[in-house]
Amino acid sequence: MVLKKQTVWLLTMLSLMVVLSAYYLFNHEPTNVNDYVWDDEELMESYGEVESDMDVQSEDEENVSEESMASGIESTSDYFITQRVEIETERQKQLEEYREALSSSEANAQTLAETRSSMERIEELSEAELTIESLLKAEGYEEALVVANDDKVNVVVQADTLDRQQAVGIIRMVQEHLDVGGHQVNVTFR
């Protein structure tokens, strides 16, 4: 029971973090890429690579402003944030309905058991999704989103391209952690 409370607490804190991050991104948009504060050397290096790539571009491409490039980067990040917020909001709503059903005095033992089972399943899926997302980021994908339903798993990674071998590796990873068939996993990139 303590583990379940800790899991619910963790999921609540994660959803709060996601919501606050989305709020910050949508309400505090820097006007210039240089307004970002870089804490990590790796991020600074990637920023330097973007600047050096810009120097090599043709004259037509040089007219593209830094703001439009930043908005393109933000739109991809916004996609992942927006999707996470929507998924987390829906799951929290579902969990709240289950909690209300558990506290209802009208429910019989079988209904209570099914409700608890459904709550545990949601928590297990959420934990597995977070684990897979972390593993994908560790493999070098800048951003990853895993959405598991009972019959299908959708995986979206942030990448310029995704070859067949990478997709197969992602499918295997999902199969290991969620115990689903390969035909139930859909892998895309943005």
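How many percent of the accessible area of the stretch 119-190 is carbon or sulfur, using a 1.4 Å probe?
42 percent
Among 124-133, 160-169, 175-184, how do they line up by average Cβ neighbours within 10 Å per residue, starting with the highest?
Answer by packing, highest mean first, reads 124-133, 175-184, 160-169.
Amide H to amide H, which residues 5 or more places from residue 186 or on other chains are under 5 Å from it, using H placed in the peptide plane?
Answer set, sorted by chain and number: 153, 154, 155.
How much area per residue is accessible in the stretch 77-182 when the probe is 1.4 Å and only protein heavy atoms are counted (Å²)?
59 Å²
The values are calculated or read from the model by the stated rules, or taken from the named source; none is laboratory data. In this text the structure is predicted, and so the values were computed from the model without any measurement. In this analysis, Cβ positions are derived from the backbone assuming ideal geometry, glycine residues included, and neighbour counts consider all displayed protein chains. Areas reflect the complete protein model, heavy atoms only, side chains present, ligands, DNA and RNA absent. Shrake-Rupley method; radii C 1.70, N 1.55, O 1.52, S 1.80 Å.
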